[in-house]
Amino acid sequence: MNINSDDAVSIAAAVRTGEVSAVEVTQAALTRIAAQNPQLNCFTAITAETALIDAAKIDRKIAQGKNPGLLAGVPFAVKNLYDIAGLTTLAGSKINTENPPASQDATAVAKLKQAGAVLVGALNMDEYAYGFVTENSHYGATHNPHDLQRIAGGSSGGSSAAVAAGLVPLTLGSDTNGSIRVPAALCGVLGFKPTYGRLSRAGVALFSSSLDHVGTFARSVEDIATAFDVLQGEDERDPVCTKRSPELCVPQLYQDISQIRIAVAGDYFTQSASPEALAAVQKVAEALSVTEYVTIPEAHRARAAAFVITASEGANLHLESLKSRPQDFDPATRDRFLAGALIPSSWYLQAQRFRRWYGDRLREIWQNVDIILAPTTPISAPLIGQKTMILDGEEISVRPHLGLFTQPLSFIGLPVLSVPIQLPDSLPLGVQIIAAPYNEALILRVAAVLESQGVITGESGTCLS
């Protein structure tokens, strides 16, 4: 094949015109997975047989003159907390292996299939999505394609690494406190978390219901926008899914952005960040001629409140298993859930009250600014097994602090795209492009300009043969 296997839009165009068949594209993806996954440990299940059957159906549609869909023949994979008909939904756990197979696909999986995309498997993650590292004690660590000794990030580590390594051009992940954006930054790909409730979570194993989002990983802005357009829409299976009409972003991608008001997040978002993380933000700001800074008030308290809500809701969801079979949890997950189970209800209620106050303060900011830029992670990818890191001269834990700059944003459901920035002699870093709720199109327009300037590039990992 002479097409770009990293580019979903190009693949779909080639399949629709007959330049290549969906079966050929799918077989090539399965071959890449078989060759490289043993080093990366992205996949926990590979659905080769059904993938080839589905690809053949796409080819027959095209032969019959039928529309095969926007994503015709595009291989994709999903974090293993998405229901896949016929597979048991693991959510990264040992306990869930005893559950029966899912009877139907999650809504997001079904929508991508309806658009012609071909599912090739399920991807590794932190147990029950509680983590930023994807060092899973049951299924092993996922390795960063840029340096196999380093983490891919989490909790959607398999999703980010699979795209970064070029195994598939598109994956689904989930984001509670940064679980799409953190691994996207560390692996050097785009990671998109739309507004809370914008995309259906039906058929997704939840971690923290009031914070969970679904979203996507890809290597180009157009791929992210195309997948987002496909995934939008009301879903009665998900009570928090918005009833707003879909807003198609692909037609808006290359509109002028000169009237979009952009600022850099200051104060909290410039503290405890490595010089490289701040340099990545500065690179984006300079490309957009941004000189204004904005203060997001009480971001540190927003992060603390997010911890309380996450731990409380997650522990409550798994309380019976914590009581009856604690030995079957990943020890790191179990200990955090046990701590969450001890949080007083008054703390949880106060965290939710603060959440409303914090959302009001952000609404005031959006009256004067359309887009805010901030680092995604404080550092580039740590080593697998690394417990601590040094920030501002202080030794702090890696696991909780990789979400330092992502938690205050998902806390109130803001749409955010993490874009990959490559500095000289550095591992990949990410910059968050943040907007008010339901302003995904603005984010993608700004990202498209940065991509056209060569500021953001979703380059594949270089350490794999």
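Key figures
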{"quantity": "Radius 14 Å from Cβ of residue 322, net charge of other residues (Lys, Arg +1; Asp, Glu -1)", "calculated": "-1"}
{"quantity": "Percentage relative contact order, segment 259-409, counting C-alpha pairs under 8 Å, at least six apart", "calculated": "38"}
{"quantity": "Ordering of 235-247, 42-54 by burial proxy (mean other Cβ atoms within 10 Å per residue, highest first)", "calculated": "42-54, 235-247"}
{"quantity": "Cα-projected label distance for residue 350 with residue 39, points at 7 Å along beta-carbon direction, nm", "calculated": "5.1"}
{"quantity": "Cα shape, segment 273-363, gyration tensor, a/c 1.5 rule", "calculated": "oblate"}
{"quantity": "Ordering of 214-221, 144-151 by burial proxy (mean other Cβ atoms within 10 Å per residue, highest first)", "calculated": "214-221, 144-151"}
{"quantity": "Largest to smallest accessible area among 79, 113 [probe 1.4 Å]", "calculated": "113, 79"}
{"quantity": "At 0.692 mPa s and 37 °C, Stokes D of segment 387-459 from Kirkwood alpha-carbon radius, µm² per second", "calculated": "232"}
{"quantity": "Residue order for 347, 357 - accessible surface, 1.4 angstrom probe, largest first", "calculated": "347, 357"}
{"quantity": "Tensor-based shape of segment 1-61 (alpha-carbon gyration tensor, a/c under 1.5 rounded, otherwise prolate or oblate)", "calculated": "oblate"}
{"quantity": "Charge tally in the Cβ shell below 12 Å around residue 388, where Lys, Arg are +1 and Asp, Glu are -1, residue 388 excluded", "calculated": "0"}
{"quantity": "Å² of accessible area per residue within segment 8-453, as computed with a 1.4 Å probe and no ligands counted", "calculated": "36"}
{"quantity": "Pairs from 79/243; 61/111; 111/243; 79/387; 193/283 whose Cα-Cα separation, in the structure shown, is over 19 Å", "calculated": "79/243; 79/387; 193/283"}
{"quantity": "Accessible surface of the chain [probe 1.4 Å, protein heavy atoms]: carbon and sulfur percent", "calculated": "51"}
{"quantity": "Segment 53-122-segment 262-338 distance, computed between alpha-carbon centres (Å)", "calculated": "30"}
{"quantity": "Kyte-Doolittle mean at least -0.5 and Cα axial length at least 24 Å: DSSP H helices in the chain", "calculated": "22-40, 299-317"}
{"quantity": "Packing-based order for 178-188, 29-39, 157-167, 403-413, using average beta carbon neighbours within 10 Å, highest first", "calculated": "178-188, 157-167, 403-413, 29-39"}
{"quantity": "Largest-first ordering by accessible area, 1.4 Å probe, given options 268, 196", "calculated": "196, 268"}
{"quantity": "Cβ-defined net charge surrounding residue 43, 12 Å radius [Lys, Arg +1; Asp, Glu -1]", "calculated": "+2"}
{"quantity": "Overall form of the chain per C-alpha gyration tensor (a/c, 1.5; a/b vs b/c)", "calculated": "rounded"}
{"quantity": "Ellipticity estimate at 222 nm from DSSP helix runs (n ≥ 4, -39,500 (n - 2.57)) divided over the chain, nearest 500", "calculated": "-11000 deg cm²/dmol"}
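The values are calculated or read from the model by the stated rules, or taken from the named source; none is laboratory data. Model, not experiment: these values are computed from the prediction. All Cβ positions, glycine included, derive from the backbone under ideal geometry; neighbour counts span all protein chains shown. Ligands, DNA and RNA are excluded from the accessible area calculation, which covers all protein heavy atoms including side chains. Shrake-Rupley method; radii C 1.70, N 1.55, O 1.52, S 1.80 Å.
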